[in-house]
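First comes the structure, then the notes that go with it.
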Amino acid sequence: ATWLKVGRCAGLFLPPAMQREIARSDGKQPWCRLLCLCVACSICGGILPGQALFTSMFASAGTMSSACGEAAVQRNGDGTCKEQLVLITAVFQAGSTLAVMFLAPIGLIYDRWGARKTGVLGAVCCALGLAIICASMTQASGPTTDTAFTVGVFTCDFGAMLNSFAIMGLVWHFPGNQSLVIALINATYQVSAFVPLGMQALIDRTGVTILTSMLLFFLLVVLMTVVCFLLCPSQQEYYAQAKAVLGIPLPKPPKTLKIWKMICRAMDVLRLYTGDHVACCLGLVVAWTLPGAYASLASGYGQALFGTEEDGTRLAELFVSLNGFAGMCFSPVSGYLADTFGLTAFIAVFAVIELVATVTCGIASWQAQTACALSLVIFTSLVNLFISRYILQYAPPNRYGTVQGVFAFIAMLFATPLTVGTLWAVEVLPEGPDAYRWPLALNGALGTVAMLFYLRYFRNHIPPETPPLLADDEREIASGFGCTTLEEVMEVTHTKTRQDLLRKLASTNPDAIAELARSIDAEKMVEVMGRRDIEDIAQMLEDADEDEEEEEADQSGALSAPLLDTATKDMASEDPVAPTSCLAADIPGAYTSEDERQGRSLSHGGWEPNADMSDDQPDKDVIKEKSDALLAAVRSKEKQQVVDFLLNESVDDINAVMIYQERVYTVAEQKQIDSEFNAAVPKGDFAQLLRQRPELRQIVQQAMKREIQRKLAAMRGRHAAKPADP
């Protein structure tokens, strides 16, 4: 209760929408934990969010002063020069490009190791980068120290991007506010612009050096590393919370990260609508040049425009302050704006923003520069949201993150020549405000025209109603339901349209996801499998055999739907006396807990061991004898005997042995038997046996039917027992 009060007090500084959510909280949602993590991620936000002010601070400290000749030092009197500011700006711009490049791999790192390790690693990298920057500031500017400064900036901001994913670990702790949590990730990056403001205030009030303030920044990030370790959910907590919210656990992450393969698949997705993506990329890149250049050049431009170094610092502080306030107040509601007005309205707003910024950026008036800075800050806040929503229209759910990262990286590659050209123009033009004014105005004019052209293109080329799917993607998504095409998934889930199915698959609504899983019709799924060729079933087994090498050791079952397969898998360790089957390693259907046994008993109305056999049922003693012989062959690693059993015994006897063993062996015994059976007859080998003896299809179908009915019964039972929301 005390922590809840603290969280509500802290919420007084948040937007009204968040205050209302905290007020309705009854302690079940960890708002205080979320707010503390937001603060930690904001402090670990790196250099780039406050680059407008950091540029002048580093220049005043002598960073990269080797770019200035003696004449420049004597002329300016403060040891800085335009060439130095442009060079520091170039480092920041390159850092922005590299940060975007690492978005896709960072997402994969998060998926593999979870929020705590990702957040802590990010904070450590950020601290390491700051340490390198501080070390470079202790020595005179030169090739070595300038290189060290560049490496420090890149390392710091890579860590900042990595650390921002720490908040994602709490996404399932707020099932009714997931969009808000995701928006806060973007908000923390902008709010971190307040860090250099605090450093500048400390310097002004106490007279400490910039190096001292950077060391304090470093120590603060080290402290936030501890905060992230204590507050970030572990991967186990993340999966447990997702299971509690959805009613089904999430699939376990792969052991290996096939980054290059995923990037190639993302490129294949983008090629499906090449024209649309080229138009979007070019339009956004040209429009982005003005906000990016203004953010980096604000300090030098303010000094040239208004005449004093203090004016340059003031303009930089103005831009950084507006950026921070926009992240704190505007980002949390930006998702609502996107849903309300749509992407077409966003493009029109971008054109208006570019026009306002173009008209006001060259006027030597604080009112005009405030309007310009505010417009560009809003543009920066909206463009990331636009890209996210735009990619959502084109990328399938299983490739969304990678496609977004690849698209953003390509956009930054296109932006690099424009950025370099702008910095080159500022450097070669004569000293004075026109050296900044004309390149910025030209970029703004080009950005306005680009947005108008893209607005016209977008209205004539509406995004597809459903994201296009690669053949591999469709098979991968469908395989989660034991199917090969989305049409089959629609059939087994009784979904009317392909669009409805993809919308449900991409939904972040826990109830929608759980409802989709519960809508699976076991009888219909077996019917669909009955229409499938033997070769298709064999291929499913071979694919599962390959995938199993990348999955956690406790995952088993190749033919059951993964969406359901994860639904009760975690129950496996809850009952030490639950019987299973040595055939379950290749054919699902084994019990792993007393709850699961009861679940299937309910679903089959008092199921008996021979309920799935034909009328000509084998003798139970004979079945026990054959089961013992099979188990002896498995334990003695007599592969040929196991193969002979599968090829020569009748289908009814094999089915009876499988059912018998499901009701006899404990979980501990089952794990050992599964391991030995997999070693004797891997799924790839079983696929070959299926090709040799097509009648084994019946074993597969019956086992799959029992598995699905058992897991659906468990899911529905849990859903029925779930208390209603107050």
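The values are calculated or read from the model by the stated rules, or taken from the named source; none is laboratory data. Bear in mind that the values here come from a model prediction, so they are computed numbers and not experimental data. Here the Cβ positions follow ideal geometry from the backbone for every residue, glycine too, while neighbour counts run over all protein chains shown. Each accessible area value is taken on the protein alone, full model and side chains, heavy atoms only, with ligands, DNA and RNA left out. Shrake-Rupley method; radii C 1.70, N 1.55, O 1.52, S 1.80 Å.
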| Taking into account only those residues within the stretch 293-318 that are out of contact with any Leu (no Cβ under 8 Å at 6 or more places or on another chain) and open to solvent by less than 10 Å² (accessible area, probe 1.4 Å), which is modelled with the highest pLDDT? | G312
| request: Looking for whichever is of a type in the set (S, T, N, Q) and modelled with pLDDT of 70 or more here; the options are T497, T568, T580, T508. Which one fits? | output: T497
| task | Just need a number here: residues in the stretch 666-679 that are part of a helix (DSSP H, G or I), over 21 Å from K705 (Cα atoms) and open to solvent by 10 Å² or more (accessible area, probe 1.4 Å). | result | 9
| message | Given the criteria open to solvent by 60 Å² or more (accessible area, probe 1.4 Å) and under 24 Å from Q701 (Cβ atoms), does R663 qualify? | response | yes
| note | When the stretch 232-248 is checked residue by residue, the ones that are surrounded by fewer than 21 Cβ atoms within 10 Å (Cβ to Cβ) and at pLDDT 85 or above are S234, E237
| message | Going through L223, L197 one at a time, which residue ends up being in a helix (DSSP H, G or I), open to solvent by 50 Å² or more (accessible area, probe 1.4 Å) and at pLDDT 85 or above? | response | L223
| query | What pairs come up if the first residue lies in the stretch 341-354 and is more than 15 Å from I387 (Cβ to Cβ) and part of a helix (DSSP H, G or I), the second is open to solvent by 40 Å² or more (accessible area, probe 1.4 Å) and at pLDDT 90 or above, and their beta carbons are under 6 Å apart, counting only those six or more places apart or on different chains? | reply | A351/L452
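Does G95 satisfy the criteria of being assigned to a loop (DSSP other than H, G, I, E, B), at pLDDT 70 or above, within 30 Å of L318 (Cα to Cα) and under 29 Å from the mean Cα position of the chain (by Cα)?
Answer is no for this residue.
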| query | Can you tell which of M490, M525, M529 is more than 26 Å from the chain's Cα centre (by Cα), open to solvent by less than 20 Å² (accessible area, probe 1.4 Å) and at pLDDT 75 or above? | reply | M525
| message | Take N648 and tell me if it is exposed (fewer than 15 other Cβ atoms within 10 Å of the Cβ) and under 23 Å from Q702 (Cβ atoms). | response | yes
| Among E427, E465, E474, E431, which is over 16 Å from L343 (Cβ atoms) and under 30 Å from the mean Cα position of the chain (by Cα)? | E474
| message | Every residue in the stretch 474-487 that is of a type in the set (D, E), modelled with pLDDT of 80 or more and either assigned to a loop (DSSP other than H, G, I, E, B) or open to solvent by less than 60 Å² (accessible area, probe 1.4 Å) (or both), please. | response | none
| So which residues in the stretch 400-448 are within 19 Å of E83 (Cα to Cα), open to solvent by less than 50 Å² (accessible area, probe 1.4 Å) and among the aliphatic types (A, V, I, L, M), if there are any at all? | L423, A425, V426, A435, L440
| request: Would you check which residues across the stretch 415-433 are of a type outside the set (A, V, I, L, M, F, W, C) and closer than 14 Å to Q303 by Cβ and list them? | output: E431, G432, P433
| In this structure, does E551 turn out to be assigned to a helix (DSSP H, G or I), at pLDDT below 75 and open to solvent by 50 Å² or more (accessible area, probe 1.4 Å)? | no
| field | Residue satisfying condition, being hydroxyl-bearing (S, T, Y), more than 21 Å from D157 (Cα to Cα), surrounded by fewer than 23 Cβ atoms within 10 Å (Cβ to Cβ) and at pLDDT below 80, within set T2, T80 | value | T2
| Give me the pairs: first residue in the stretch 306-327 and under 13 Å from A364 (Cβ atoms), second residue surrounded by fewer than 22 Cβ atoms within 10 Å (Cβ to Cβ), beta-carbon distance under 7 Å, and six or more apart or on different chains, which are they? | F306/A364
| message | Could you go through the stretch 464-473 and let me know if any residue there is in a helix (DSSP H, G or I) and open to solvent by less than 50 Å² (accessible area, probe 1.4 Å). | response | yes
